[in-house]
Amino acid sequence: MTAPNKRSRTYARVKVKLPGGNTVTRYKLRKPNNHKCGSCGSVLHGIPRERPCNFAKLSKTQKRPERPYGGVLCSPCMRLKIKSMTR
């Protein structure tokens, strides 16, 4: 019988074939949604879709793009923001 905390669909069910020939069901936490731009709401590129425990293990340069407002705004919105600041 499945453990009660594994019965919800929070967990993705993954069928794994073992070396002995048996097939078992492993329960894996699903990945979170993509990060969104704070201005227009489009998907931010260059930010991995990881759970917080795995995201914390990444280096700083792997967590977000190396540009102004990286990880907050998409590049078109960032360009508009910088242009409006210089005027």
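Bear in mind these aren't lab numbers, they're just calculated from the coordinates by the rules spelled out. Computed from a predicted model, the values in this text were never measured in an experiment. Here the Cβ positions follow ideal geometry from the backbone for every residue, glycine too, while neighbour counts run over all protein chains shown.
Within segment 23-39, is there a residue that is at positive phi and in a loop (DSSP other than H, G, I, E, B)? Within segment 23-39, none of the residues are at positive phi and in a loop (DSSP other than H, G, I, E, B). Within segment 66-78, the set of residues being surrounded by 13 or more Cβ atoms within 10 Å (Cβ to Cβ) and either in a helix (DSSP H, G or I) or more than 24 Å from the chain's Cα centre (by Cα) (or both) comprises S75, C77, M78. Check whether at least one residue in segment 23-42 is touching a helix residue (DSSP H, G or I) at 6+ places or on another chain (Cβ under 9 Å), surrounded by 10 or more Cβ atoms within 10 Å (Cβ to Cβ) and without any contact (Cβ under 8 Å) to a residue 12 or more places away in the chain, and report yes or no. Checked segment 23-42: no residue is touching a helix residue (DSSP H, G or I) at 6+ places or on another chain (Cβ under 9 Å), surrounded by 10 or more Cβ atoms within 10 Å (Cβ to Cβ) and without any contact (Cβ under 8 Å) to a residue 12 or more places away in the chain. Here Q62 clears all of (1) without any contact (Cβ under 8 Å) to a residue 12 or more places away in the chain; (2) surrounded by fewer than 13 Cβ atoms within 10 Å (Cβ to Cβ) except the condition numbered (1).
Residues in segment 1-22 that are under 16 Å from the mean Cα position of the chain (by Cα) and not in a loop (DSSP other than H, G, I, E, B): Y11, A12.
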